[in-house]
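K.L.:
Submitted below is the structure of interest, expressed as C-alpha cells.
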Amino acid sequence: MSQIAKEIGRDTLLDIYTRTMKVNRTDEKFRELLMGGKVAVMYYCVRGQELVSAAAMAALEKDDYVVCTYRGQGEQTAKGIPMEKWWGECLGKATGTCKGKGGTMHITDPETGIMVTTGVVGSGLPIANGLAMASQNNGDGRVTLVSFGDGAANIGGFHEAMNMAQLYKLPVVFLCQNNRYGEHTAYADHTDSPNIATRAAGYGMPGVTVDGNDVHQIYPAVKEAVDRARRGEGPTLVEAMCYRMMGHFFGSDFSYMPPEHIAEMKAEDPLPKLRKVMLEHQFTEEELDAIVADIDGQINAAVEHALAAPLPDVGEIYKDVLEETV
Amino acid sequence: MSQIAKEIGRDTLLDIYTRTMKVNRTDEKFRELLMGGKVAVMYYCVRGQELVSAAAMAALEKDDYVVCTYRGQGEQTAKGIPMEKWWGECLGKATGTCKGKGGTMHITDPETGIMVTTGVVGSGLPIANGLAMASQNNGDGRVTLVSFGDGAANIGGFHEAMNMAQLYKLPVVFLCQNNRYGEHTAYADHTDSPNIATRAAGYGMPGVTVDGNDVHQIYPAVKEAVDRARRGEGPTLVEAMCYRMMGHFFGSDFSYMPPEHIAEMKAEDPLPKLRKVMLEHQFTEEELDAIVADIDGQINAAVEHALAAPLPDVGEIYKDVLEETV
Amino acid sequence: MAQITMTQALNLAIDEAMADDPGVFCLGEDVSAKQGGGVFKVTQGLTEKYGEHRIRATPISETAIIGAAVGAALAGQRPIAEIMLMNFVGVCMDQIVNHAAKLRFMSGGQTPCPIVIRTTTGVGVGFGGQHSDMLEAWFAHVAGIHVVTPSNPADARGLMRASIDANDPVIFIENILCYGLKAEDPGPGYRVPLGKAAIAREGSDISIITYGRTVMDALAVADDLAKEGISVEVIDLRTIAPYDEATVLASVRKTGRALTLHEAVRPFGTGAEIAANIQEKCWDSLKGPVRRIGGTFSAVPFASHLEQAWIPQKSDIVAQIKASVGKH
Amino acid sequence: MAQITMTQALNLAIDEAMADDPGVFCLGEDVSAKQGGGVFKVTQGLTEKYGEHRIRATPISETAIIGAAVGAALAGQRPIAEIMLMNFVGVCMDQIVNHAAKLRFMSGGQTPCPIVIRTTTGVGVGFGGQHSDMLEAWFAHVAGIHVVTPSNPADARGLMRASIDANDPVIFIENILCYGLKAEDPGPGYRVPLGKAAIAREGSDISIITYGRTVMDALAVADDLAKEGISVEVIDLRTIAPYDEATVLASVRKTGRALTLHEAVRPFGTGAEIAANIQEKCWDSLKGPVRRIGGTFSAVPFASHLEQAWIPQKSDIVAQIKASVGKH
Ligand SMILES: Cc1ncc(C[n+]2csc(CCOP(=O)(O)OP(=O)(O)O)c2C)c(N)n1
Ligand SMILES: Cc1ncc(C[n+]2csc(CCOP(=O)(O)OP(=O)(O)O)c2C)c(N)n1
Ligand SMILES: [Mg+2]
Ligand SMILES: [Mg+2]
C-alpha cells in the first residue's frame, strides 16, 4: 500500500465504495434493460470508469457544482441525484429531472449540483469556469468540478478554459477521464501528447496524471485539487487513466478495440481492486455485499417507478423556451 | 557574439537586412501617408517587429507558403509581394493583389506564397495545417509558415492546430510574434503561461523562445524549424519575443502602455541592433544607407503608382462570390 | 435634459444595473480600466466603481467568454459578455446556440440562462470582409434567445436595461456607426421592453419594417417622400426576434403595403421571415407584394466606394417604395 | 440495376472521385479504417484503397478540420471534410463562413476554396437537443457557399459527385434517417448539377417546396390527397442555396398556390426566403398566401413522443394544403 493510502480513512473508503457500486449497478441495470429491449434510448456505458467518478464526487462537498458529459452517469448518480428522478429522465418521463426533455445526454439537477450535462465535446469546461467565477464573485466557497474525456482535450474550448481558469485562479477542478478512446479513435491516433496532464504547464497550472483504477491515487489527487481550489489557489488538471470497457455507446460496434487492449483493461478493472482494498481495511464480504444488495433494491424500485411514471404532456414542446411572462 | 552567430553567412545577413529595411521603410511610409491625411485606411503598424518577419521570410524558400494576420505587412513585403500590387491593395485600387476587395487586413498573393491574411485572431493556424497537408499529400516539398500574435495563442484554433500538426507531422512552422500585447491587453493580463513556447510540449512538439530583436537568435531558430519541417520531421513552435512599438492600429490610443515598458522597448529596438551586427560584419555605413535609399525609391514609386491607379469597378461587388459559370 | 451618445447610453444602463444588482458583471476583451474600458469605451469608468472581478478583461477566447457567462448565469448571476465584433461569433456559436439558448428548455425549466451578449458590427467603417457582417438572422432562427438592436441612444439605454433584466439570453447588437449618435437622455431607470417595436414615424401609404442603423435611412427617405405626397410609416423593430408581430401586422393592415429593410444580406435574411409572415397574415389587406431590401450578397468589400455601393442605397429604398405605391 | 442505400451511394461517389482525382481526400473524426470507416460508415473501405493520407482520421477538433480543408483547397486539393453532426458547426462557423465562403471574394478571385463539408443530422433518432438541428438557413444566408441535401440514394450519388467537382465550398447535409433508404443505383459518373431542383411529383393545385427527409412526407401526403382529388406538385430543391428559383417560380405560376416545408424550425427558416420570394415574383399568379411548415420553435426534446410531436406532422401538411386550396 502506498504512502497516500494511509490518508484515506475508513469512512471515506466506505463512502467511495458505496458510490462506486451505485454507479456500477446503475450501469449494469441500464444495460440489462437495453439488452432486454425494455428500453430503447441512447446510453453511454461507464463500465470501467466507476471509481473515477465515485472518488471525484466523494472529494466534493454537497453544494459543489459539477459539469459532466453524455457519459456522466457516474458523476450524476455518485453526486446523489435521487434515483427516481434520474431514471425518470433517462426514460423520458414527466418525473425526470428535466421532465423528459433533456434525456440521457442532458441531465440537470441543480439541487445536487449537477448543473450541466453537455453532449458537445469539450463544451463543459468553459461553462465550469463560469460557475466557478460566480463562486469567486460572490464568495460562496463552492468548488466546480468538470469531467471530460481524453478526446475532449483536443478541442479549442479545453484550451481556452484552462488558460482562463488559471489566469483568474478560479476554484475549478478539471477532471480528464482518459479512457484511451474518443468514440472509435484510440489515444495515439488523436494526439502525440505524452499525456493530457502535461498540457497544464503551458498555462502555468498544476497537472497530474494518476491511475484512475487505484483509489489510493485517484481520491487523494482529486481531493487535493478540490482543497486547493477551495483555498483560492486556483485550478488543477487531474488526468485519471482508466478504460472504457464497452463500446462508445450501448450497442455500438467496438471491433476496432484490439484484443491486447481488452486484456489489459480486464487486468486493471477497478472493481475487484477496490474490493480488495476494502477487505484489507477490515470490511467484510458480507458488509460489502449488503451494500450492493441495498443499492440494487433502490435501483429496482427507481426503475419500476420510472417505468410506471407518466409521459410528459405533449404541450411541453412549447414550454421552457423563453420565460413565460403572463 | 554567440555561437550561432557564426553560422549566419554574410549573404544571408545582407538578405535579412534588406528585407528588414523594406518592412521598416514600408511601415514608415504608411504612417507618413496616414499622418498626412493622404490615405485613410486601417493599418496595423509593425514598428519593432520588422526583424522577426524579415528573418522568418529569409529562412523560407520562394515557393513556401505563408499565412499571416492583419499585422502581416512584414511577412508580405519581406516575402516579396511586388510593391505596386501591395500598395494598390492597401489603397483599395483595381491594381491591388485582390483588386481592392480584400484590403489591408486581407492581402493574398499566391504567386509569392502569401496564401491567406486573416483578420480573425488565431484562424490562420488551422489553415496553415491544410496548406502543409496538401504538401505532405502531394510531396511538393513546400513548408508552410504561419505567423500570429501572443494573444492568438489563447484561442481554441491555436490548440487544435498545434495538436493536429504534430499528430500528422505536418511541414509547418508556427511563428508566434510575442509583442507583449493583444490589442490593449498586456501579456500578463491574458495568460499565466510562463511563455507561449512552453505549450508545445503538451502536444509533443518542440518549442523554443528566442529574442526576436537579435538576428542571431531569430534567424537560426526559424531556419532550423523550416529545415526540420522540410525533412519531414514535423512542426515546431517558434516564439519570437519582440515589441509592438505603436498602438494596436494606426491612430489608436496606447495610453495603456506603461512608460517603463516603452523605455524597455526602445532599448531593445531591433534596427540599431541589426545595423551594429552589419557593421561588425564589415558592411559599411554607405552600403547600408544605399540599400535603404534604393528601397525608399521603390516604395515611393509604388505609392505613386497606387495613388494614381484606377478604382475597382463597382460591379466587383457581384464578382468572385461563386465561380461564374457562364 | 442632457444629451448623450449611444456609447454613453449603454454605459449608463450597465452602470445602473451593476449598482442595483451585485450579480451583474461584465467580461470581454479589453473591457477593464487597464485597457481603457473597451475598444469602443462602452465599459469605461466601471472598473473604478465595481472592481476587476466585475469588469473582467479576458484573453482572446470567445468560447471561454461565452462559456463563463453561461456558467455564471446558471449560478444565478447576470453576466454581460462582449464579443468585440459580430463576425467572431463564428468561434463561439456552440456556446450561444447549443448551450445558452437551450439550457432552459433541456433542463425542463430548471436553469434559465440570463446573459447579455453585447457585440458590435456595421458596414461603412472600412473593416472589410471579416469584420462587418450583420448576422442577426442566425440567432433569430434559434429558439430560446432574444435578438435586440437599438437605433438611437434612448432606446440603447432602455433596451440594454431591459436586456439585463431579462431572464433569458439576449444578443445585443450595436452598430459601430451609431455609437456617436446623440440624443436626449431618457434618464435613470429607463427601460424599453423587449419584443416591442416603435413606430418611428407614422404614415399611411406603406410600412417600412427595419431596425438599427437603417432606421435613419428609412426616416430620411420618408422625409423626402413626404414632399412628394407619399406617406411612409417607419417601424423600428428594436427587438428583431421574437419580434413584435402585432405592431407590424397592424401597420401593414393600415397601409396595405410593406417593405423590409436591413443592412444584412438580403437572401435568407430577417426580412424574409417578416415578409413571409406579412403576406400570410395580411393577405387580404395587401395591395401588392411585400418588398425587401438588404445588403449585397457578397462579403463586404474593402475599397471605400465598393463598401458604400454594397450597403442598401437610399435611392433603392425610394425606387422600391415608388414601385410599390405605383408612383414612378 | 443494383439497389443501393444512401450510405452506399455517398461512398460510391466519394470512391469514384478519389479514383479520378488524386487531389480528393477525406478528413474527419473516425473516418479511417482503423475506426471502421466513420460512425455512419460512409467512408468504409476507402482507407484500404487510398491510404491513411487520403482518409485522415482526425482528433475532435472541428476548427482544425475545416481549417485544414480550407488550406488544402487553397493549395489546389479537393478535401471532403466531415463534421460528425450538424450542431457541431457551432464550434467552427468561423472557418466555414469567414474563411471558406469568403476567400474567393476577398482575394479578388485568386483563391477559390473547393471543399465539401459533409455533415449529418435529423430529428427522430432520440439524440436530443444538441444533436438534431437543421441549420441550413445559417449557411443559406452566407454568400459564397452552396447548401445541398439529397432526399434519396440516386441524388445522393449525383449531388455528392457534383459537390466534389464544384469550385466552391459546399455544405452537404445528410439526414440520418435517410441513410438506410434504398433505390436504384444511377451508376458510375452520375452527377446531379448543383442549383437544379427536381420535380419529385407533378401536380396542378399546389406546389410544395421542400428538401431532404420531408420530401418523403410531401410525397406521401400527395398520394393521399390525390385520392381526394387534390393534385399536389412536390419540388425537391436538392440545392437549398442558391436554389433553383426558375423551377420554383414556374411551378407556383402553374399551380397558383405554394407551401414550404422543412424539418428546421419555421421562424427565420429557409421557407421564409422562398415564401417571400414567391409572393414577390408570382404575386399575380397567387390565389392565396404562401404557407409554411417547419419544426417546432424549441430545442429538439428527448422523450420519443415529444420528439415525434416536434417534427412537422403529415396531418398539418394536409390541413395547410386543404386550407390553401379551399377544400376542408
Ligand atoms: C464538438 C463535438 N465533436 C464531435 C462530437 C461527437 N462525439 C461524441 S462523443 C465523442 C468522443 C469523445 O471522446 P472523449 O472526450 O474521450 O470522451 P469519452 O466518450 O471517451 O468519454 C465524439 C467525437 C461531439 N459530441 N462534439
Ligand atoms: C477571434 C477574434 N477575437 C477578437 C478579435 C479582435 N482583435 C483583433 S487583433 C486583436 C489582438 C490580437 O493580439 P495578438 O494575437 O497578440 O496579435 P498582435 O495584434 O499583437 O499582432 C484582437 C483582440 C479578432 N480579430 N478575432
Ligand atoms: Mg475517451
Ligand atoms: Mg500581440
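Bear in mind these aren't lab numbers, they're just calculated from the coordinates by the rules spelled out. Computed from a predicted structure; not experimentally measured. Every residue, glycine as well, gets a Cβ built from its backbone with ideal geometry; the counts of neighbours run over all protein chains shown.
K.L.:
Quick one: which residues, 5 or more positions from C:V147 or on another chain, have an amide H under 5 Å from its amide H? H modelled 1.01 Å from N in the peptide plane, none for Pro or chain starts.
P.N.:
C:I171, C:I240, C:A241
K.L.:
OK, next. For a quick check: sort B:W86, D:W138 by the number of other beta carbons within 10 angstrom, fewest at the front.
P.N.:
B:W86, D:W138
K.L.:
For the range A:10-308, give me the percentage of DSSP beta bridges that are antiparallel, rounded to the nearest 5 percent.
P.N.:
Close to 10 percent.
K.L.:
May I ask for the distance between the Cα centers of the range C:236-299 and the range B:132-179, given as a whole number of Å?
P.N.:
Distance between centres, Cα-based: 46 Å.
K.L.:
Moving on. For B:K169, go 7 angstrom from Cα along the Cα-to-Cβ vector, then report the distances to that same point in the other copies in nm, smallest first.
P.N.:
So the label point of B:K169 gives 4.4 nm to the other copies.
K.L.:
Rank by packing, highest mean first: peptides D:112-118, D:314-320, B:206-212, with packing defined as the count of other Cβ atoms within 10 Å averaged across residues.
P.N.:
D:112-118, B:206-212, D:314-320
K.L.:
Further question on the same structure: Sorted from fewest to most neighbouring beta carbons within 10 Å, what does the list A:H216, A:H261 look like?
P.N.:
Listing A:H216, A:H261 from fewest to most nearby Cβ atoms yields A:H261, A:H216.
K.L.:
What does the charge count near C:R56 come to, summing +1 for each Lys or Arg and -1 for each Asp or Glu among other residues with Cβ under 12 Å from its Cβ? Could you put the intermediate results ahead of the total?
P.N.:
Working: positive: C:K34, C:R54; negative: B:D189, C:E29, C:D30, C:E52, C:E82.
With Lys, Arg at +1 and Asp, Glu at -1, the net is -3.
K.L.:
Follow-up question, since we're still on this one. Enter the angle in degrees (range 0 to 90, nearest 10) between the Cα long axis of helix C:270-281 and the first principal axis of the Cα atoms of chain C, meaning the one along which they spread out most.
P.N.:
50 degrees
K.L.:
What residues from the range B:38-66 fall in the zone where the backbone N is under 13 Å from a label point 7 Å along the Cα-to-C-beta line of B:L271?
P.N.:
Label zone hits: B:46-51.
K.L.:
Tally the DSSP beta bridges in the range C:198-325 and give the antiparallel ones as a percent, rounded to 5.
P.N.:
So the antiparallel bridges amount to about 20 percent of the total.
K.L.:
When the Karplus curve 6.51 cos²θ - 1.76 cosθ + 1.60 is applied with θ = phi - 60°, which whole-Hz ³J(HN,Hα) does each residue of the range C:239-248 get, with x for Gly and Pro?
P.N.:
Going residue by residue, I get 9, 7, 7, x, 8, 7, 4, 4, 5, 5 Hz, with x marking Gly and Pro.
K.L.:
Between the range D:1-75 and the range C:308-328, what is the C-alpha centre distance in whole Å?
P.N.:
So the two Cα centres are separated by 48 Å.
K.L.:
Ok, one more. What list do you get for B:W87, C:W310 if you sort them by fewest beta carbons within 10 Å?
P.N.:
Sorted ascending by nearby Cβ count, the order is C:W310, B:W87.
K.L.:
When the scattering of the range A:177-326 is computed by the Debye formula from its Cα atoms alone, each counted once and equally, what is log10 I(q)/I(0) at q = 0.19 Å⁻¹?
P.N.:
Those come out to -1.16, one per q.
K.L.:
Report relative contact order for the range A:10-308 in percent, whole number only (criteria: Cα-Cα under 8 Å, sequence separation at least 6).
P.N.:
About 22 percent, as a whole number.
K.L.:
Suppose R0 equals 45 Å. What FRET efficiency, 1/(1 + (r/R0)^6) with r the Cβ-Cβ distance, do B:E111 and C:D284 give to the nearest 0.05?
P.N.:
0.15
K.L.:
Using +1 at the Cβ of each Lys and Arg and -1 at the Cβ of each Asp and Glu in the protein assembly as shown, identify which of D:A183, D:I230, A:H305 lies farthest towards the dipole's positive end.
P.N.:
D:I230
K.L.:
Return the equivalent ellipsoid semi-axes of the protein assembly as shown as a descending list in whole Å, where each equals the square root of 5 times an eigenvalue of the C-alpha gyration tensor.
P.N.:
Details: eigenvalues 374, 356, 195 Å².
In descending order the semi-axes read 43, 42, 31 Å.
K.L.:
When only C-alpha pairs under 8 Å and at least 6 residues apart count, what is the relative contact order of the range D:198-325, in percent? Before the final figure, lay out the partial values.
P.N.:
Values: 225 pairs, mean separation 33.3, N = 128.
Across the range D:198-325, relative contact order equals 26 percent.
K.L.:
Can you tell me what share of the DSSP beta bridges in chain C is antiparallel? A percent to the nearest 5 is fine. All intermediate terms of the calculation are to be shown ahead of the outcome.
P.N.:
Numbers: 8 of 42 bridges.
Bridges in chain C are about 20 percent antiparallel.
K.L.:
Enumerate the calculated ³J(HN,Hα) couplings along the range D:154-165 in order (Karplus 6.51 cos²θ - 1.76 cosθ + 1.60, θ = phi - 60°), each rounded to whole Hz, writing x wherever the residue is Gly or Pro.
P.N.:
5, 4, 4, 5, x, 6, 5, 4, 5, 5, 5, 5
K.L.:
Relative to the present Cα-Cα distance, how much length would full extension add between A:A263 and A:K38 at 0.36 nm per residue of separation?
P.N.:
On the way: separation 225, 0.36 × 225 = 81.00 nm, distance 3.09 nm.
Stretched out fully, the A:A263 to A:K38 stretch lengthens by 77.9 nm.
K.L.:
Distances from D:A309 to the same position in the other copies: list them in nm, one decimal, shortest first, using label points 7 Å from Cα along Cα→Cβ.
P.N.:
5.5
K.L.:
What is the calculated FRET efficiency for C:A220 to B:F254, with r their C-beta to C-beta distance and R₀ = 45 Å, to the nearest 0.05? Spell out each step's value before the answer.
P.N.:
Details: r = 37 Å, r/R0 = 0.83.
Using R0 = 45 Å, I get an efficiency of 0.75.
K.L.:
Using a 7 Å offset from Cα along the direction of the beta-carbon, what are the separations from A:E285 to the same position in each other copy, nm, ascending?
P.N.:
9.7
K.L.:
Please report, in Å, the Rg and the Dmax of the range D:198-325, where both are computed over Cα atoms only.
P.N.:
Gyration radius and largest Cα-Cα distance of the range D:198-325: 13.8, 45 Å.
K.L.:
Right, here's the next one. Mind checking which chain A residue has its Cβ closest to the axis relating A to B, and how many whole Å off it is?
P.N.:
Closest Cβ on chain A to the axis mapping it onto B, in Å: A:G156, 1.
K.L.:
Still on this structure, please answer the following. Got a sec to turn the phi values of the range B:255-262 into Karplus ³J(HN,Hα) couplings, 6.51 cos²θ - 1.76 cosθ + 1.60 with θ = phi - 60°, whole Hz, x for Gly and Pro?
P.N.:
5, 6, 8, x, x, 4, 5, 5
K.L.:
To continue, here is another question. Starting from the Kirkwood radius over alpha-carbon pairs of chain A, derive D by Stokes-Einstein at 4 °C in a medium of 1.567 mPa s and give it in µm² s⁻¹. Provide the component values of the computation, followed by the final result.
P.N.:
Details: Rh = 20.1 Å.
Result for D is 65 µm²/s.
K.L.:
Roughly speaking, what is the centre-to-centre gap between the range B:2-53 and the range C:177-225 when only Cα atoms are used, to the nearest Å?
P.N.:
A separation of 48 Å, based on Cα centres.
K.L.:
I would also like to ask the following. Do you know the relative contact order of chain C, to the nearest whole percent, from alpha carbon pairs under 8 angstrom that are 6+ apart?
P.N.:
Averaging sequence separation for qualifying contacts and normalising by length gives 16 percent for chain C.
K.L.:
Could you tell me which trypsin sites (Lys or Arg not before Pro) in the range A:140-240 are loop residues by DSSP with no more than 14 other beta carbons within 10 angstrom of their beta carbon? Don't jump to the answer; show the numbers that get you there.
P.N.:
On the way: sites: A:R142, A:K169, A:R180, A:R199, A:K223, A:R228, A:R230, A:R231; in loops: A:R142, A:K169, A:R180, A:R231.
Hits after loop and neighbour filter: A:R231.
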